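> What follows is a single structure, and I will ask about it in a moment.
The values are calculated or read from the model by the stated rules, or taken from the named source; none is laboratory data. Everything quoted here is computed from the prediction, not taken from an experiment. Cβ placement follows ideal geometry from the backbone for every residue including glycine, while neighbour counts extend to all protein chains displayed.
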């Protein structure tokens, strides 16, 4: 049980390191997606320990899994893809304005235009 | 200079690691009261067999309204950035994958495979998406899932066929999206007039609750999500000209 | 239990490959594979609604928008000093 949590924690840290340390904008957006995936995995993993059947009521269903984290994560996944779409549109706009995807080069070119 | 930046990055990652670490090391058991309560009363409160649907369309429908709003705002922002992108110049290379059949030169990468597979699979995916959307209250599925699958089906149709149908016209799809949001707001307010509160079921009979309200909400949300994502994808592929 | 650890380890390895690759199209395919493995893990953990959503959104819409963004910018991650 502790090993799974450590693996998810490593995925979260790798996503965060991508946002902070990588100079390419598209790699930063990859990092956002990885962090999102790590959080969703953690919630569903923790919520599934207290039962052993899917939360659809019917005949012979007695011991269902906790349905509340699943309802929260549905919203989280959709909002994650919305944020990614907007971020990618902004990244393409930056590329068309300055001609590069490297954040240091973009900063220098935008400063030298003013 | 490089060493200082590297040390700052290490420090940031270390601080984040220390902040998140108590989550890993806790061993308090997950509480079970919510699961027990929902197991008893979800079907008699909302009429749905799918407990997850009963939560996000019955007990916590306000969150669904907020999420639909976030989707609307983000798709509007993305579309407004997209439409201004191609306005300066039109380069010949970007028309190669676009959807205007008259302007389509025989690009070397566009083979028959795309047209045959996508146009034949499109209606099947649309049918599956409608099934997932309408049966959300008794089996896994619901508004969001069905909506995204319907959006994939519309993208298949747009990639595959040479016809210009109304289903791949961006003006028609964006009008359906705006109307769906209006219907969602109207459906949420209608509970107030029948003494059930905001987002309440307007038809509450005493015997057994029928899941009609959840089916209605599923259809509205599915139409909204499906058409908005389809509009964004079709505009990205270059087909946002008037038909 | 062993299945969970195996799939999570594979997701972690694909995540490292996503960030270390020079060709951005390879990274996008790895991100789509991470979504598919996540959907498999959600099915094993008895969460069918989340599995359908993650599969449809992660391997469908997200990959399409990433490929569009790479197409309009560059495909290789060049090192500029």
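> Return the residue satisfying two criteria in turn: it lies in region A:52-82 and is surrounded by 16 or more Cβ atoms within 10 Å (Cβ to Cβ) and more than 7 Å from every other protein chain (Cβ to nearest Cβ), and of such residues it is farthest from residue B:25 (Cα to Cα).
A:80
> Count, please, the residues in region B:30-49 that happen to be surrounded by fewer than 22 Cβ atoms within 10 Å (Cβ to Cβ) and at pLDDT 85 or above.
Let us first name the residues in region B:30-49 that are surrounded by fewer than 22 Cβ atoms within 10 Å (Cβ to Cβ), namely B:30-37, B:39-41, B:43-45, B:47, B:49.
Applying the additional criterion that residues be at pLDDT 85 or above yields B:30-37, B:39-41, B:49.
Adding up the residues that qualify gives 12.
> Could I ask something else about it? For region B:50-79, name all the residues that are buried (at least 19 other Cβ atoms within 10 Å of the Cβ) and outside any helix (DSSP H, G or I).
Correct list: B:50 only.
Residues are listed down the side, and each one gets a yes or a no for (1) surrounded by fewer than 23 Cβ atoms within 10 Å (Cβ to Cβ); (2) touching a helix residue (DSSP H, G or I) at 6+ places or on another chain (Cβ under 7 Å); (3) not in a helix (DSSP H, G or I):
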position: B:119; (1), (2), (3): yes, yes, no
position: B:127; (1), (2), (3): yes, no, no
position: B:131; (1), (2), (3): yes, no, no
position: B:139; (1), (2), (3): yes, no, yes
position: B:147; (1), (2), (3): no, yes, no
position: B:167; (1), (2), (3): yes, yes, no
position: B:172; (1), (2), (3): yes, yes, no
position: B:179; (1), (2), (3): yes, no, no
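> Residue B:225 passes all but one of (1) modelled with pLDDT of 85 or more; (2) over 21 Å from residue B:63 (Cα atoms); (3) buried (at least 19 other Cβ atoms within 10 Å of the Cβ); which number fails?
With (1) modelled with pLDDT of 85 or more; (2) over 21 Å from residue B:63 (Cα atoms); (3) buried (at least 19 other Cβ atoms within 10 Å of the Cβ) applied to residue B:225, the lone miss is (2).
> Something else about it: Where the second residue is modelled with pLDDT of 90 or more and the first is assigned to a helix (DSSP H, G or I) and lies in region B:24-36, which pairs have Cβ atoms under 6 Å and are six or more apart or on separate chains?
Pairs found: B:24/A:5; B:24/A:9; B:34/A:68; B:35/A:66.
> On to the next question. So which of C:21, C:62, C:38, C:32 is at the interface with another protein chain (Cβ under 8 Å from one of its Cβ atoms) and either farther than 20 Å from residue A:47 by Cα or surrounded by fewer than 17 Cβ atoms within 10 Å (Cβ to Cβ) (or both)? Please lay out each step first, then the result.
Working: C:21 fails: at the interface with another protein chain (Cβ under 8 Å from one of its Cβ atoms); C:38 fails: either farther than 20 Å from residue A:47 by Cα or surrounded by fewer than 17 Cβ atoms within 10 Å (Cβ to Cβ) (or both); C:32 fails: at the interface with another protein chain (Cβ under 8 Å from one of its Cβ atoms).
None of the others qualify; the one that does is C:62.
> Related question: Of the residues A:103, A:3, which single one is under 25 Å from residue C:42 (Cβ atoms) and more than 10 Å from chain B (Cβ to nearest Cβ)?
A:3
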